[in-house]
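Scroll down for the structure; my scribbles are underneath it.
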């Protein structure tokens, strides 16, 4: 079920009405006893689980079995990890059950054919013909997201960061929560899971702002992203015959399409969750105003990048430091001078590895792997000066950035746009041919009509950037609307809906990240 579909426009109000109706009926409002409140919470959680399964099964009911199996395995593993007195080696082996299961699930459905085809091609290049079987399966939507979310829960329980879920119902609601089930944010258990046992209180102001956030997400998706999609498709389909100006304009438009599509989804997901009294992790924080690549990756797809930082990058760096300490002790015992610190190339290798794995997570294709690898290489220079995955984002407190900040933003975004050529291209050959064409033919006067046709998409792509800058200290693009006079406020809402209905794409395109 798509957020930008008529089905969801019917589904969400029905769930909203039933959900808060259960609270009023069973919880008795503010006058309810603790027992009545808990009964209402359990009924609401059951409704959320059933609604989430309907939401997911709307796409293909057959893959509900995978979701159920993932939920059952990780709930039982989590409970086993929480048994008091178990030795750490045993707890580690129990955790590995979940790791192997979840990664095996991803490997089977997402990567088996990719690795089989890659191995066949490599053997063919060596003159060896091998008959390697492939699986005739389709990729279950959202599998990369809910497996990482569930796996993150298991790792946190193993690290004793959080206790295991006490209720199977609460855990099932956590894994399947429909606003973020198929494309994130990848919620951490310490933020989301703990909200299910507690009673949620309806607040009119929060619900009103949630509707504004959904409207802003829908505007970015339908008005901007879906309208840019046709131009982007044309550029990447005909890239080898276009000049450099058209190619790089098209890649820049894809950058904005991807941002508006995915951040639009995140806004609609967060707004839908807030309507039900839940808070989701923020997934985007005005990334195009970043002044370095490190800052960009702290602002873009925040939930995934923080997951990779905490569960992949930090363990790699910890292992690197432990190896260094062991080598230093060995040198000291041998009477040799000890090095001052771990070799920088080891941290650089960890960065490239993490980003390469990030590329592979996005899709089973060498274009995604190349995109991740190039991003890792680009990040090394700044990473050697300071930790690349550090938390915290610097916010602008002036009306306009300085010339130096603008130059830094332009440099950062130019590097990001360059990498997205590989991300969007259908294959590496097309990406390299487009890159070569942009160098050999940077500008072709014969394509003047094509250049003129790009003006409208460019103007459309600037809209979210302008709104993002004006609202850079707020949660979403329409968060400041309540501060306007009543007439201006409703004029803004009407203008957004009119733009969606008149200028928006009516093709009801899938969200880009559904394929991951």
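Could you calculate the FRET efficiency of residue 470 with residue 344 from 1/(1 + (r/R0)^6), where r is the beta carbon distance between them and R0 is 41 Å, rounded to 0.05?
0.50
The candidate values are (1) 54; (2) 63; (3) 58; the one derived from this structure for percent of Cα pairs over 29 Å apart carries the label (3). Packing around the peptides 105-114, 208-217, taken as the average count of other Cβ atoms within 10 Å per residue, puts them in this order, highest first: 208-217, 105-114. Inter-label distance, residue 199 to residue 46: 1.9 nm, where each label sits 7 Å from its Cα along the C-beta direction. Could you tell me whether segment 208-515 comes out rounded, prolate or oblate from its Cα gyration tensor? Rule is a ≥ b ≥ c as square roots of the eigenvalues, rounded for a/c under 1.5, then prolate if a/b exceeds b/c, otherwise oblate. The shape class here is oblate. With contributions of -39500 (n - 2.57) from each DSSP H run of at least four residues, the per-residue ellipticity at 222 nm computed over the chain stands at -21500 deg cm²/dmol.
Highest first, please rank the peptides 241-248, 467-474 by the mean number of other Cβ atoms sitting within 10 Å of their residues. Please list the in-between numbers first.
Details: 241-248: 20.0, 467-474: 14.8.
With the highest mean Cβ count within 10 Å placed first, the list reads 241-248, 467-474.
When the square roots of the Cα gyration tensor eigenvalues are ordered a ≥ b ≥ c, the ratio a/c for segment 6-202 is 1.5 or more and a/b does not exceed b/c, which makes its shape oblate. For the listed peptides 435-445, 411-421, a ranking on the average number of other beta carbons within 10 Å per residue, highest first, reads 411-421, 435-445. Extension gain for the segment residue 332 to residue 126, taken as residue separation times 0.36 nm less the Cα-Cα distance, is 69.5 nm to one decimal.
Read the figures in this text as sums done on the coordinates, not as results from a lab. All values reported here derive from a predicted model rather than from experimental measurement. All Cβ positions, even for glycine, are placed from backbone atoms using ideal geometry, and neighbour counts span all protein chains on display.
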